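Q: Pasting in a structure now, in structure tokens, and then I'll have a few things to ask.
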Amino acid sequence: MKDIFSLALICEIAAEFRAVDISFDADAFIARSMEGLNKLELTGRAAHIADAMRVYLPARFAEAAAVIGASLGPELPPTGKIGGAALRYMPHVLFVRKYGLDDYEAAMRVQAELTKRFTAEFSIRAFLVKYPERAYEQMLVWADDDNAHLRRLASEGIRPRLPWAPRLRAFQHNPRPVIELLERLRDDPVPYVRRSVANNLNDIAKDHPELVIETCRRWAQEAPEGRTWIVRHALRSLVATGNQDAIRILGGAANPSIRLSGVTIAPQHVTLGGNTRVSFEVVSTAQQSQRLLIGYTVHFVKANGSSRAKFFRLRTLTIHSGEKIALSATVSLATMTTRRHFPGNHRIDAIINGEAHPLGNFEVITSMSVPA
């Protein structure tokens, strides 16, 4: 992915700035951006280009932000699929985060535009730290905006534990202002926004499970389909750890009477970037119907050889006495922006109403490795 920040893209960015500001020295910007670029990784390249922007854009941040804003392309559709092409705006976002903190108004205006083309969830957090009350009020305003990208930023930017970003310690300690904001978005018409609301609640549940249980119990009452999905997704970590309050909110049976059969994991050896498929059957051994919340946990190997469990929701269903239900899922070992994969033995467990049922293991190997 780092290769997106290439000479070709830097030339495009230079041309966009030059089209807005005829005094912009495109050749010097390109040369400065290319110095040492190939030695850097993705984020390092974006930060390096942002530093070059600082040299060749207008010295006053408000003027530089105006050039950036006028240079931007069309908005993305609010699907949640940013895609690799949108990464081209990462240097712009890092520029705002690093050089815009002393010009609140100009920074907020340009972040509102950037988030429609990429995302400003990482840059906005610096403003929430420096201007907590003022920035929080802005997030409330954006939560009511007609633009789905801004509504999504209101939720995503204020997440206490946003992955790959510094934690917002104030909201991690007291998340009630976050809950107040999410109340405005719980019935948002756009799935992209609702997904952020659910992820935000899931974050909060890691530090304040009872608050999230209380919120989801209230939200689940006479909930439309979209809010029902938020509640289910928001409780996924609590369900995975066997929290019975969360399981009851979702209608799950306590201590379900079941057994597993027909377990297969194939292939057993998977190269980095590939995938494997796990299949199993759930058989009811109860005399009555049972509501089951079914997912699975993959214990992904980390760089240091230890493992970290990642829960994936599979299905919620009602199983009748003696019934057998077949389930399957594909486990991807492709590199993602939020997860890298490493060789080693990976364990998979089925998680049914909070109970772990071991399914087996598969081995991740490098492309050069050939099992004996």
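The values are calculated or read from the model by the stated rules, or taken from the named source; none is laboratory data. In this text the structure is predicted, and so the values were computed from the model without any measurement. When we count neighbours, we look across all protein chains shown, and the Cβ atoms used for this are built from the backbone with ideal geometry, even at glycine. What goes into the accessible areas is simple: the full protein's heavy atoms, side chains included, and nothing from ligands, DNA or RNA. Shrake-Rupley method; radii C 1.70, N 1.55, O 1.52, S 1.80 Å.
Q: I'd like the full set of residues that are surrounded by fewer than 20 Cβ atoms within 10 Å (Cβ to Cβ) and in contact with a helix residue (DSSP H, G or I) (Cβ under 7 Å, 6 or more places away or on another chain), limited to region 139-161. So that I can check it myself, show each step before the final result.
A: Let us first name the residues in region 139-161 that are surrounded by fewer than 20 Cβ atoms within 10 Å (Cβ to Cβ), namely 140-141, 144-147, 161.
Scanning region 139-161 gives Leu140, Asp145, Arg161.
Q: Which residue out of Leu211, Leu201, Leu162 is modelled with pLDDT of 95 or more and under 18 Å from the mean Cα position of the chain (by Cα)? Lay out the reasoning, then the answer.
A: On the way: Leu211 fails: under 18 Å from the mean Cα position of the chain (by Cα); Leu162 fails: modelled with pLDDT of 95 or more.
That would be Leu201, the only listed residue that is modelled with pLDDT of 95 or more and under 18 Å from the mean Cα position of the chain (by Cα).
Q: I'd like the residue in region 229-269 that is assigned to a helix (DSSP H, G or I) and small (Gly, Ala, Ser) and, out of all such residues, is farthest from the chain's Cα centre (by Cα).
A: Kept after step one, since they are assigned to a helix (DSSP H, G or I), are these residues of region 229-269: 229-234, 236-240, 244-249.
Those left that are additionally small (Gly, Ala, Ser): 234, 237, 240, 246.
On the way: Ala234: 13, Ser237: 14, Ala240: 18, Ala246: 22 Å.
For region 229-269, the residue satisfying everything is Ala246.
Q: Please verify whether Leu42 is in contact with a His (Cβ under 9 Å, 6 or more places away or on another chain) and surrounded by 13 or more Cβ atoms within 10 Å (Cβ to Cβ), treating the condition exactly as stated.
A: Working: in contact with a His (Cβ under 9 Å, 6 or more places away or on another chain): no; surrounded by 13 or more Cβ atoms within 10 Å (Cβ to Cβ): yes.
Judged against the criteria, Leu42 is not a match.
Q: So, Arg195, is that one on the phi < 0 side of the Ramachandran plot and in contact with a Gly (Cβ under 9 Å, 6 or more places away or on another chain) or not? Talk me through it step by step, then tell me what you get.
A: Numbers: on the phi < 0 side of the Ramachandran plot: yes; in contact with a Gly (Cβ under 9 Å, 6 or more places away or on another chain): yes.
Considered against the rule, which asks whether it is on the phi < 0 side of the Ramachandran plot and in contact with a Gly (Cβ under 9 Å, 6 or more places away or on another chain), Arg195 comes out as yes.
Q: Name the single residue, out of those in region 237-256 being surrounded by 21 or more Cβ atoms within 10 Å (Cβ to Cβ) and farther than 23 Å from Ser289 by Cβ, that is modelled with the highest pLDDT.
A: Looking at the filtered set, the residue picked out is Leu238.
Q: Continuing with the same structure: Might you check whether a residue that is surrounded by fewer than 16 Cβ atoms within 10 Å (Cβ to Cβ), in contact with a Leu (Cβ under 9 Å, 6 or more places away or on another chain) and part of a loop (DSSP other than H, G, I, E, B) occurs anywhere in region 307-317?
A: Looking through region 307-317, none of the residues is surrounded by fewer than 16 Cβ atoms within 10 Å (Cβ to Cβ), in contact with a Leu (Cβ under 9 Å, 6 or more places away or on another chain) and part of a loop (DSSP other than H, G, I, E, B).
Q: Just the residues that are among the basic types (Lys, Arg) and farther than 20 Å from Arg97 by Cβ, please, taken from region 21-49. Lay out the reasoning, then the answer.
A: Step one: of region 21-49, the residues among the basic types (Lys, Arg) are 32, 39, 45.
Correct list: Lys39 only.
Q: What are the residues in region 198-223 that are open to solvent by 60 Å² or more (accessible area, probe 1.4 Å) and either in a loop (DSSP other than H, G, I, E, B) or of a type in the set (A, V, I, L, M, F, W, C) (or both), if any? Even if it seems obvious, please write down each step before you answer.
A: Taking region 198-223 as the starting set, the residues that turn out to be open to solvent by 60 Å² or more (accessible area, probe 1.4 Å) are 206, 210, 214, 217-218, 221-222.
Those that are open to solvent by 60 Å² or more (accessible area, probe 1.4 Å) and either in a loop (DSSP other than H, G, I, E, B) or of a type in the set (A, V, I, L, M, F, W, C) (or both): Lys206, Gln221, Glu222.
Q: Further, regarding this structure: I'd like to verify a number: residues in region 178-197 that are open to solvent by 10 Å² or more (accessible area, probe 1.4 Å) and closer than 16 Å to Arg161 by Cβ, how many?
A: Count: 2.
Q: If you don't mind, there's one more thing I want to ask. Output the residues belonging to region 1-32 that are within 20 Å of Thr43 (Cβ to Cβ), loosely packed, with under 13 Cβ neighbours inside 10 Å and among the hydrophobic types (A, V, I, L, M, F, W, C).
A: Correct list: Met1, Leu7, Ala8.
Q: State which residue is farthest from the chain's Cα centre (by Cα) when the search covers only region 273-306 and only residues that are aliphatic (A, V, I, L, M) and part of a strand (DSSP E or B). I'd like the intermediate steps shown before the answer.
A: Here is the first cut: in region 273-306, the residues aliphatic (A, V, I, L, M) are 278, 282-283, 286, 292-294, 298, 301, 303.
From the residues that got through so far, the ones that are part of a strand (DSSP E or B) too are 278, 282-283, 292-294, 298, 301.
Values: Val278: 24, Val282: 30, Val283: 34, Leu292: 26, Leu293: 23, Ile294: 22, Val298: 18, Val301: 20 Å.
Result: Val283.
Q: Checking Asp102 against (1) in a loop (DSSP other than H, G, I, E, B); (2) open to solvent by less than 10 Å² (accessible area, probe 1.4 Å); (3) more than 20 Å from Met1 (Cβ to Cβ): exactly one of these is not met. Which one?
A: The failed condition is (2).
Q: Now for a different question. Has region 113-121 got at least one residue that is surrounded by 15 or more Cβ atoms within 10 Å (Cβ to Cβ), without any contact (Cβ under 8 Å) to a residue 40 or more places away in the chain and β-branched (Val, Ile, Thr)?
A: Checking region 113-121: at least one residue is surrounded by 15 or more Cβ atoms within 10 Å (Cβ to Cβ), without any contact (Cβ under 8 Å) to a residue 40 or more places away in the chain and β-branched (Val, Ile, Thr).
Q: Now for a separate question. For region 79-101, indicate whether the set of residues that are touching a residue at least 12 places away in the same chain (Cβ under 8 Å), polar (S, T, N, Q) and over 30 Å from Thr335 (Cα atoms) is non-empty.
A: The answer is no, given that none of the residues of region 79-101 is touching a residue at least 12 places away in the same chain (Cβ under 8 Å), polar (S, T, N, Q) and over 30 Å from Thr335 (Cα atoms).
Q: Here's something else I'd like to know. Looking at region 228-271, which of its residues are under 30 Å from Glu156 (Cα atoms) and among the aliphatic types (A, V, I, L, M)?
A: From region 228-271, those under 30 Å from Glu156 (Cα atoms) are 228-252; that's our starting set.
Once the filter is applied, which keeps residues that are under 30 Å from Glu156 (Cα atoms) and among the aliphatic types (A, V, I, L, M), region 228-271 yields Ile230, Val231, Ala234, Leu235, Leu238, Val239, Ala240, Ala246, Ile247, Ile249, Leu250.
Q: Inside region 142-191, counting only helices (runs of 4 or more DSSP H) that do not spill past its ends, which hold 2 or more residues that are under 20 Å from Leu76 (Cβ atoms) and either out of contact with any strand residue (DSSP E or B) (no Cβ under 7 Å at 6 or more places or on another chain) or touching a residue at least 24 places away in the same chain (Cβ under 8 Å) (or both)? Explain how you work it out, then say what you get.
A: On the way: elements: 148-156, 169-173, 176-183.
So the answer is 148-156.
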